[in-house]
Amino acid sequence: IFSKASISLEDSESSSETDEDEQPVRRQEGSTDLSAEYWGIQKLAKYVKGGDPTATLIALCSMRDFNLSEETCQLAIKDTGCLEVLINLLDTEEIKCQTGSLKILKEISQNILIRHAIADLGGLEIMVKILDSPDTNLKCLAAETIANVARFKRARKIVRKHGGIKKLVELLQSISVASSYQAKDTETVRCAALALWSCSKSTKNKKAIRKAGGIPLLARWLKCSHANILIPMVGTLQECASEPSYRLAIRTEGMIENLVKNLSSEHEELQMHCASAIFKCAEDEEIRDLVRKHEGLQPLSALLDKSENKQLLAAVTGAIWKCAISRENVLKFQEYKTIETLVTLLTDQPEEVLINVIGALGECCQEEENRGTIRRSGGIAPMVTLLTATNPALLVNVNKAVGGCAMEPENMAIIDSLDGVRLLWSLLKNPNPDVQASAAWALCPCVENAKNSGEMVRSFVGGLELIVNLLKSKDKEVLTSVCAAIANIAKDQENLAVMTDHGVVPLLSKLANTNNNKLRRHLAEAIAHCCMWGSNRVAFGEAKAVAPLARYLKSKDPLVHRATAQALYQLSEDPNNCVIMHENGVVKLLLAMVGSTDDTLQEAAAGCIANIRRLALATEKAKYG
């Protein structure tokens, strides 16, 4: 009934407002012979420009006999000065002339140059005024032309500044959702929704739609059964889903049920926008649960079979990825054999699909059973191949998936044989901190589960120096992940000796004054393991790492307590460190932890107290004999 695919393609960036057609390309004048259509329109132009209302109307009707979707005809109207006249006609009281003009403008505004010219000539302001017209047909034509023109940032701003968003929302409000609409009602809603869809690509317009009361209307119209209304409604909704207020409304206004229902529509474009809306909303745990509750996971999995439609596939894999953050959903995906299908999509796909597929597998492989499924489906090799990609978003997801698979020794053997660990290590040099952090996290299970892991790590020339130097990063997640990796690497004495030579002790000590619990935990683990070489315990004390560690015991996080107690236990083997701990009130805090149900914490706390007590007794004995 209408084609909106071009709009979503042309301006698909939701909140960033980058516009492909912000700078239209100028055509080369006189570079080709002008066609008969061009001259035909030029002849009509003088009647459009200079005739009385009747002659103008006849000329407008004759102009519509040309194929206005052809660029030659579109540019003929612009070059002959007809565009200005068409816009001026909108500002008259002659409804027939206004209608004739809008019918032409609606067609020719598919052209980038003409869209910009309409905005430059003040056409949008007049079209916004027409939205108040009592003539339904005229309002529809104005709204649909606005939908075409408002595909670039400046045009969207003009619509908002002149009250267009409010008027478009009022058009939706003026018609009730019922099974007995008339055709003209359907058309009014469709055109208003198309215009809102184009406008919703700007962040300020999303807020304007909300302020105008647009959210409950979107929810209301999602219940209708007309695909030509649903497509622009869901299109608008998925654009706006980047805003938290819309995500909240999608959850509370019961929209998920209708989005899920339309995943089974026969219209692929509608399916795509529904999946895309779920993709953007499913970061929210309650929405993930609602998708499962309304049985949306099965149709999402079934849509993976439509792999030839790449836009649909990107939206569906994105929705599956975000839904897979919840364990209950992963169990459903196991039931639907979704993981096996996702593995088949790891090759020969566009980047936006790969990012989502590997993201989904990264979530699914947190479940032990799925790590085996991925291996048996032949997924490890294509995953490792993707470690050579360059897109940061893709690399972050690949790193997580490879790290998740490496938790199983059988998978780890394949990853190592394919040189996966070396590729992960080389990603520590990537300039993007998210890539660095995800690579460091992935290395943890690799080092833990590889056979002869100490030797494997030493085989990477300059690898240990590289990871130690990342402790100079300014990024918290990089620091946290690198501390976790160092804690694993330091279990091998030779590697710990090399890291010590590269200055791991002073670099770890510098990080001790942090309030970030995640960093505290992994830093304390790294310190505990790095105490096991030479005079590192003494060096940590001299580098002033002990007093800040003592303060970690006041944290509310039990995992921080466990790691800190282990670090303090190791450090307490040095008498000077015991003195610092005692001065910082460690004994009282550790005594409370001796009664913990966590055996590791209990033993470390008791061992540390014993060392401090032993030193105190020795000191007393030396003093008093």
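The values are calculated or read from the model by the stated rules, or taken from the named source; none is laboratory data. Here the structure is a predicted model, which means the values were calculated and not measured. As a convention, Cβ positions derive from the backbone with ideal geometry for all residues, glycine included, and neighbour counts pool all protein chains shown. The area values use the complete protein model at the heavy-atom level, side chains included, leaving out ligands, DNA and RNA. Shrake-Rupley method; radii C 1.70, N 1.55, O 1.52, S 1.80 Å.
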Of the candidates Thr373, Thr317, Thr341, the one satisfying the condition of being in a helix (DSSP H, G or I), of a type in the set (Ser, Thr, Tyr), at negative phi and crowded, with 23+ Cβ neighbours inside 10 Å is Thr317
Complete set of residues in segment 209-236 that are surrounded by fewer than 24 Cβ atoms within 10 Å (Cβ to Cβ), among the small types (Gly, Ala, Ser) and under 20 Å from Val149 (Cα atoms): none
Would you be able to tell me the number of residues in segment 405-440 that are under 17 Å from Val468 (Cβ atoms) and buried (at least 19 other Cβ atoms within 10 Å of the Cβ)? 8
Hey, does segment 399-407 have a residue that's over 20 Å from Arg292 (Cβ atoms), free of Cβ contacts under 8 Å to residues at least 40 places away in the same chain and part of a helix (DSSP H, G or I)? no
Within segment 549-562, can one find any residue that is open to solvent by 30 Å² or more (accessible area, probe 1.4 Å), of a type in the set (Val, Ile, Thr), modelled with pLDDT of 95 or more and closer than 26 Å to Leu464 by Cα? no
Some residue of segment 10-24 being part of a helix (DSSP H, G or I) and modelled with pLDDT under 75: yes
Just give me the residues in segment 450-467 being within 31 Å of the chain's Cα centre (by Cα) and either open to solvent by less than 20 Å² (accessible area, probe 1.4 Å) or of a type outside the set (A, V, I, L, M, F, W, C) (or both), in sequence order. Ile467
Among the helices (runs of 4 or more DSSP H) confined wholly to segment 51-108, which include 2 or more residues that are within 21 Å of Asp135 (Cα to Cα)? 53-63, 82-90, 95-108
Would you please name the residue that is least open to solvent (accessible area, probe 1.4 Å), looking only at residues in segment 288-308 that are modelled with pLDDT under 95 and of a type outside the set (Asp, Glu)? Ser307
Where a residue in segment 512-530 is closer than 15 Å to Leu601 by Cα and its partner, wherever it lies, is open to solvent by 10 Å² or more (accessible area, probe 1.4 Å) and hydrophobic (A, V, I, L, M, F, W, C), with Cβ under 7 Å and at least six apart: Arg521/Leu559
Do we have any residue at all in segment 71-82 that's over 30 Å from Lys201 (Cβ atoms), open to solvent by 10 Å² or more (accessible area, probe 1.4 Å), more than 42 Å from the chain's Cα centre (by Cα) and modelled with pLDDT of 75 or more? yes
Odd one out for Lys261 among (1) open to solvent by 40 Å² or more (accessible area, probe 1.4 Å); (2) in a helix (DSSP H, G or I); (3) modelled with pLDDT under 95: (3)
Could you look through segment 518-534, keep only residues that are in a loop (DSSP other than H, G, I, E, B) and within 12 Å of Val504 (Cα to Cα), and pick out the one that is modelled with the lowest pLDDT? Trp533
In segment 504-528, how many residues are more than 12 Å from Leu549 (Cβ to Cβ) and open to solvent by less than 30 Å² (accessible area, probe 1.4 Å)? 5
